[in-house]
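Below is one structure, written out as structure tokens; comments come after it.
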Amino acid sequence: MEIKDQKDVHDYKDCKELERVISDENDINDLCKKHKWKWYEWPEIWFRRYIQRPWEDAISYIKRFIQRGIRGYGDSDLWNMNYFLTEIILNMLVELKRIKHGVPSILDEATGNYDYDEQKWNEILDKMIEGFAILRKCDLYDEMIEWGGYLPDESRKQIQDSMQKKYSTWRFTTREEEAKVKLAFELFSKYYQSLWD
């Protein structure tokens with residue numbers, strides 16, 4: 001639980017004031033259960049949770065929908081841009097492989113000539129798809145996989161041990177998965193101008 005202000009829970013006059021300083025809704029629920037709110041505060045709590053918040057969420061969704069239609073992304077997509085871009089790139093690569101009508105010319109390293117080899121292009125697309133699919137798993141909270149490519153082995157082990165005490169399925173990406181992601185980015189940048197249909 002992250003509390004921005006160090007007051008005691010009972011120092012807050014109502015749930016509205018408490019919600020401003022607590023970041024996680026589950027923590028709010030727990031604290032509201034522990035605190036004995038007055039009977040006249042419950043209608044306000046009910047109104048905020050079941051009427052005001054859903055309307056605010058709906059307005060936010062509509063705003064994001066309009067922003068995506070006008071400029072291609074919404075303000076909330078910037079909060080976690082890596083997830084947004086990973087999702088788009090992965091879906092577009094899968095769709096490109098499924099409906100492609102042609103293939104770009106690919107350098108045959110053995111002969112030094114360019115050739116239109118559909119099988120080789122499919123293998124390249126598969127490697128890119130596999131790498132971005134691993135990244136997507138890192139962004140899904142239910143998968144409990146964290147990207148660890150930037151950490152040394154001893155730090156990874158220490159963090160993973162402490163996290164697995166709380167969440168048994170939590171893990172870092174393996175070095176093999178990280179190598180596949182690195183290869184996917186290398187191929188993506190190398191064949192960026194060839195990603196057409």
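The values are calculated or read from the model by the stated rules, or taken from the named source; none is laboratory data. Since this is a predicted model, take the numbers as computed values, not measurements. In this analysis, Cβ positions are derived from the backbone assuming ideal geometry, glycine residues included, and neighbour counts consider all displayed protein chains.
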- [ ] Could you please let me know if N91 is under 22 Å from E143 (Cα atoms) and in contact (Cβ under 8 Å) with a residue 40 or more places away in the chain?
- [x] no
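Yes/no per residue for (1) part of a helix (DSSP H, G or I); (2) of a type in the set (S, T, Y); (3) touching an Asp or Glu at 6+ places or on another chain (Cβ under 8 Å):
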| residue | (1), (2), (3) |
| --- | --- |
| P104 | no, no, no |
| A110 | no, no, no |
| N122 | yes, no, no |
| I129 | yes, no, no |
| L135 | yes, no, no |
| G148 | no, no, yes |
| Q158 | yes, no, no |
| D161 | yes, no, no |
TODO: May I ask you to say which residue of K157, K182, K97 is among the charged types (D, E, K, R) and surrounded by 13 or more Cβ atoms within 10 Å (Cβ to Cβ)?
DONE: K97
TODO: Can you run down the residue pairs with Cβ atoms below 6 Å, 6 or more apart or on separate chains, where the first is in the stretch 130-155 and in contact (Cβ under 8 Å) with a residue 12 or more places away in the chain and in the same structural domain as A184 (by TED's automatic domain parsing) and the partner is of a type in the set (S, T, N, Q) and surrounded by fewer than 16 Cβ atoms within 10 Å (Cβ to Cβ)?
DONE: M144/T169
Open item on the list: With the requirement that a residue be loosely packed, with under 15 Cβ neighbours inside 10 Å and touching a residue at least 12 places away in the same chain (Cβ under 8 Å), what does the stretch 111-125 give you?
Closed with: Y116, E118, K120, N122
